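Each remark here refers to the structure printed beneath this line.
Every read-out reported here was derived from the displayed coordinates using simple, explicitly stated rules and does not represent laboratory data. The structure displayed is predicted, hence computed values, not measured ones. Cβ placement follows ideal geometry from the backbone for every residue including glycine, while neighbour counts extend to all protein chains displayed.
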Amino acid sequence: MTNAADTMLELLSFPISDTRWIKIFDDQERNGGKPEIEHTKGRAVFYFLPKLGVQLNTDGTWVIVIDFFVGPQYTGELPFGLKRNFKIGDVRKLLGHPVSSEPPNSKGFGSERYHFGTYNVLISYPIADETLHLISIFRMS
């Protein structure tokens with residue numbers, strides 16, 4: 001059975017107006033999680049699904065990035081077999097070595113990049129405890 005995260009990955013690079021995205025929004029609203037929409041000065045529009053802890057980043061038409069905000073309050077499913085309580089070492093055991101790693105930024109977060117088929121996956125984690133914090137996924141051209 002496909003989990004919600006995998007369904008969203010299948011819809012990455014589809015228009016936000018696709019009936020399958022609309023169904024996800026409708027399901028969220030029925031479960032008390034009305035999507036929050038933020039318009040920017042440019043064309044970008046962000047759709048945050050609070051019940052899932054997911055943000056869809058669009059160019060106004062197409063979903064170009066899916067962000068999974070992972071933390072103690074996160075209850076949604078994650079793609080690629082990742083679990084919310086994973087530390088970066090667990091990620092490496094499951095996914096293998098990253099394509100690249102970034103040193104900690106000024107806020108104390110490190111990041112690693114992985115490639116899976118057409119997916120480019122960026123995983124961010126706080127250096128202090130190395131637990132998953134953010135998983136950003138986009139399609140490579």
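Quick rundown of the values:
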item: Approximate spin-label separation residue 26-residue 115, in nm, with each point projected 7 Å along Cα-to-Cβ; result: 3.9
item: Per-bin percent of Cα-Cα distances, the chain [10 Å]; result: 11, 41, 35, 12, 0
item: Point-to-point label distance, residue 106-residue 139, nm (Cα→Cβ direction, 7 Å offset); result: 3.6
item: Protection-proxy order for peptides 92-98, 103-109, each taking the mean of Cβ atoms within 10 Å per residue, highest first; result: 92-98, 103-109
item: The stretch 4-139: Lys pairs at Cα distance under 24 angstrom, eight or more positions apart or on different chains; result: 8
